[in-house]
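Okay, so here's the structure we're looking at.
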């Protein structure tokens, strides 16, 4: 039986003195795949950052409950340890730490125990191969000098290695060529299971190919204006967001 | 009559004396009297007023070259433009000074007081006629109030026997922008300096300096941006070329005072060297007493990139043509900031002529 | 998380408790506090100086008395030369067996892990306690290759006396600056290393300096000659317990690198926080030779240290890699000087600094390319990290280029740890402290990996910053 994994209630989020999200509600059950769509500036990335606890985003009202615990005021690492993962649009470059070692350190941070080296190496190598990441990247500094595509693949690799309960993928497809999108969506399919949930923020239906989408949400002006099934993707592609902005469809 | 200045262009923090960059002494003969200069009729746009004297408090503003240079101009001033900007003026105000054997000595003291949200551009150019040795010093003080935008462009195309300095001091309030463009292409001895105090948040200072050292010219510069307010920005850039036996000292300092959080300062210096007898000294300082800042400096000093030269020549350009293109590209950011087409052309011609020896 | 915990980088003060153990001051001989010709002469008598050295000391003293203090750099107001005991010698002669070193002195070194370090991987250890070298040992196989590693006093009287006379303070003349003159007058102790032509030492030599007596100055002299085609890695480590009286270190290092020879000179400096570290280091590099400086600077109240490379021969090169960590009350003014004096020479300076808790890091450098040094290359890169707004970080580089056939590039960056970088790491489960640590160690990593940490067991104690590369 699936249970409520994430419950966002009446959320209001501001940056500096500007309100970006307001009266936002979202529930994701375990095993579900949700897609969040919306025009630029609607607040899609803000939602991802707020769920992950970015310090610049202030939660003025509402609550975020994850796996039964109120995490509204928890620090980012605690959220990560509880099983939330956010893939970044522009992953940070961190010189001095090799990707492979970083994966080991973060796996240990999230699971609370040191991974067995050989088993870990094998797992990592296997995943790198399936994501078409050159093995040499394991010893390169985290994201430093990675191309746009390599950075996104590195995010998917981290997601698969950390195996979170909920993965939020923020525009993981942006700036990728067709082949890279294929690899990334393959990684996402590999991740998907009855126990894991996904929140995919995207413009692009391509990345969703072969993926069973349970819900599609349309975010406009800081709030979810419409929720529907996977057929909504097609509808948005045809009609654009203006249709929803104008309130053409009611929940 | 002589000019004797103990120290000009002081490096804000001293370093090893033997490098000779801590400051420079000036000892020079002045070829004539500072006779009263014929006042020029200015093309004043609407919103800009001309005054007979400096605004109150102008004397307290510190300059890039320092007290000695400043005092010299104040004591010997024989010309000057004092402006108050009240509105927004698109058209630049231009003044041209031509020095020659009959008027060989000029000390112009200029002030710009830009009120809230006003904007003003002042373009000063200095040239000389005939081969007589001439002597020019200038001092300009600028206060930019909230949201004001001030541009000062000084173009120096004096003859090879001239002595010259341009000294500037700037104070900026909230959201103000001040741009100082120094085009230092002539004279035998050249000094220039500017110190900007970014006193309030979100003020911005840009300095763009180009210089050309040929023959035995010596060029001595000192640019300082002091970040005091939060979220202030500075961009200090110098580009130049050294030929023949010319010498140059460039000092550029970004100084982040404690409290200047979220400020950003960038400094760059690119010098092309064209003769084995040149001497280039560069002292780019970043002083930092605040954690939340970003300061950066980059310098590159050397010959023209042979790869670039080869690329251009493979497209049929002669070596001098190719060189000229590279140099012009280097000077372009500053040239584009000269808001008078005729003057820009005069500068281009000057460069073309001088660089043909490179 | 456990393994990471153990090795994690703390952006904390370096734990110095084990270095702050003070030994009872029990010196055999102490000169008066002030500095007069008589005192300097007394040093000569005590050390049985040859006549030329006696005269050299007196001449240096005159230079010292005539010279003003430097007109730049950090304040030296905390120093009162009139009250610094310049010469303290512990009650022991030279020993080549560790067992024969007096117990209290031995204890200090044991606590710092010096003999262990030697047993582990060092070719030789010279430990200097206050002003005298008390322990010196070079592995037999190293000696068999003709390598000389001994204390300066012995060298001055032994078969290498003439070589010492020929090189002593020729590279750093006493007239160089006031503290070089002081050094010339009162120097004592230090190491002499000679590596004959073609000998490539595969294991490094290490010396260890330690100041114990309050208010004592240490003026050791290190002279290293690496002949043609030879190679040496020399490691110098410094530490001192904490005292209230200002301590002064005005040592002098002179390195002569022969044709196509290579010398790597690594320093881990962790003087106590009342130390004025005014050391002068200089290398002269012949044709095709190379000097590589690796420098970690963590201790001292005030440090002025700018190892200089004089690239005298065609194609000579230098690399300087340095890291400075200034905490509370520290002003560490470090950097490097290079003189390109021959064609095709090259230099690379790469430094990082971290300022914390009101500490001040200053990067100061000079790169001079003389008219003779055509086709030379120099690149300088310095990065500074500020961990809070009580601290300071200044960058003061100067370049002087006197020909047009050379290429000089310079980059300086100053900044803080970015919030988004911390957030990014925290989204992967790291705590904020761990995220900061990982970024700081990542920042220091390119320099840290150059430090000869494997060799000095002590390093892990000196720096709680974990830079061992376990996460790099």
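Quick one: how many residues across segment C:216-237 are within 22 Å of residue C:75 (Cβ to Cβ) and either at pLDDT below 80 or surrounded by fewer than 23 Cβ atoms within 10 Å (Cβ to Cβ) (or both)?
Number satisfying all stated conditions: 3.
Where residues in segment A:59-88 are in a loop (DSSP other than H, G, I, E, B) and crowded, with 18+ Cβ neighbours inside 10 Å, which of them is farthest from the other protein chains (Cβ to nearest Cβ)?
Among those residues, the one meeting the criterion is A:71.
Checking residue A:38 against (1) farther than 30 Å from residue A:117 by Cα; (2) surrounded by 22 or more Cβ atoms within 10 Å (Cβ to Cβ); (3) more than 9 Å from chain C (Cβ to nearest Cβ); (4) free of Cβ contacts under 8 Å to residues at least 60 places away in the same chain, only one condition comes out false. Which one?
It is condition (4) that residue A:38 fails.
Of the conditions (1) modelled with pLDDT under 90; (2) buried (at least 20 other Cβ atoms within 10 Å of the Cβ); (3) under 21 Å from residue A:240 (Cα atoms), residue A:54 clears all except one; give me its number.
Looking at each condition in turn, residue A:54 falls short on (3).
Considering segment B:119-135 alone, what residues qualify as being assigned to a loop (DSSP other than H, G, I, E, B) and buried (at least 24 other Cβ atoms within 10 Å of the Cβ)?
Within segment B:119-135, just B:134 meets the criteria.
Can we say residue B:183 is crowded, with 24+ Cβ neighbours inside 10 Å, over 19 Å from residue B:27 (Cα atoms) and touching a helix residue (DSSP H, G or I) at 6+ places or on another chain (Cβ under 7 Å)?
yes
Looking at residue A:109, is it touching a residue at least 60 places away in the same chain (Cβ under 8 Å), in a helix (DSSP H, G or I) and facing chain C (nearest Cβ under 7 Å)?
Against the criterion (touching a residue at least 60 places away in the same chain (Cβ under 8 Å), in a helix (DSSP H, G or I) and facing chain C (nearest Cβ under 7 Å)), residue A:109 does not qualify.
Looking at B:286, B:301, B:327, B:338, which one is modelled with pLDDT under 90 and surrounded by 20 or more Cβ atoms within 10 Å (Cβ to Cβ)?
Just a single option satisfies the conditions, and that option is B:327.
Does residue C:436 count as surrounded by fewer than 24 Cβ atoms within 10 Å (Cβ to Cβ) and out of contact with any helix residue (DSSP H, G or I) (no Cβ under 9 Å at 6 or more places or on another chain)?
no
Among the residues of segment C:348-374, count how many are over 17 Å from the mean Cα position of the chain (by Cα), within 22 Å of residue C:411 (Cβ to Cβ) and more than 10 Å from chain B (Cβ to nearest Cβ).
So the answer is 3.
Can you tell me which residue within segment A:4-35, out of those that are free of Cβ contacts under 8 Å to residues at least 60 places away in the same chain and assigned to a loop (DSSP other than H, G, I, E, B), is farthest from the other protein chains (Cβ to nearest Cβ)?
By that ranking, first place goes to A:17.
Residues that are surrounded by fewer than 16 Cβ atoms within 10 Å (Cβ to Cβ) and within 18 Å of the chain's Cα centre (by Cα): list the strands (runs of 3 or more DSSP E) wholly contained in segment A:118-227 that include at least 3 such residues.
none
Considering only residues of segment C:361-382 that are touching a strand residue (DSSP E or B) at 6+ places or on another chain (Cβ under 8 Å) and surrounded by fewer than 20 Cβ atoms within 10 Å (Cβ to Cβ), which is nearest to residue B:277 (Cα to Cα)?
The extreme case among them is C:370.
Considering only residues that are more than 19 Å from residue B:141 (Cβ to Cβ) and under 23 Å from the mean Cα position of the chain (by Cα), which ones fall in segment B:44-60?
Answer for segment B:44-60, where residues must be more than 19 Å from residue B:141 (Cβ to Cβ) and under 23 Å from the mean Cα position of the chain (by Cα): there is none.
Could you tell me whether any residue of segment C:338-346 is facing chain B (nearest Cβ under 10 Å), in a strand (DSSP E or B) and either over 24 Å from residue B:290 (Cβ atoms) or in contact with a strand residue (DSSP E or B) (Cβ under 9 Å, 6 or more places away or on another chain) (or both)?
no
Which strands (runs of 3 or more DSSP E) does segment B:1-80 wholly contain that include 2 or more residues that are in contact with a strand residue (DSSP E or B) (Cβ under 6 Å, 6 or more places away or on another chain) and surrounded by 17 or more Cβ atoms within 10 Å (Cβ to Cβ)?
B:2-8, B:24-29
If you scan segment A:89-106, which residues turn out to be in a helix (DSSP H, G or I), in contact with a helix residue (DSSP H, G or I) (Cβ under 8 Å, 6 or more places away or on another chain), facing another protein chain (nearest Cβ under 7 Å) and more than 20 Å from residue A:172 (Cβ to Cβ)?
A:105, the sole residue that qualifies.
The values are calculated or read from the model by the stated rules, or taken from the named source; none is laboratory data. Small disclaimer: the values here were computed from a predicted structure and weren't measured. When we count neighbours, we look across all protein chains shown, and the Cβ atoms used for this are built from the backbone with ideal geometry, even at glycine.
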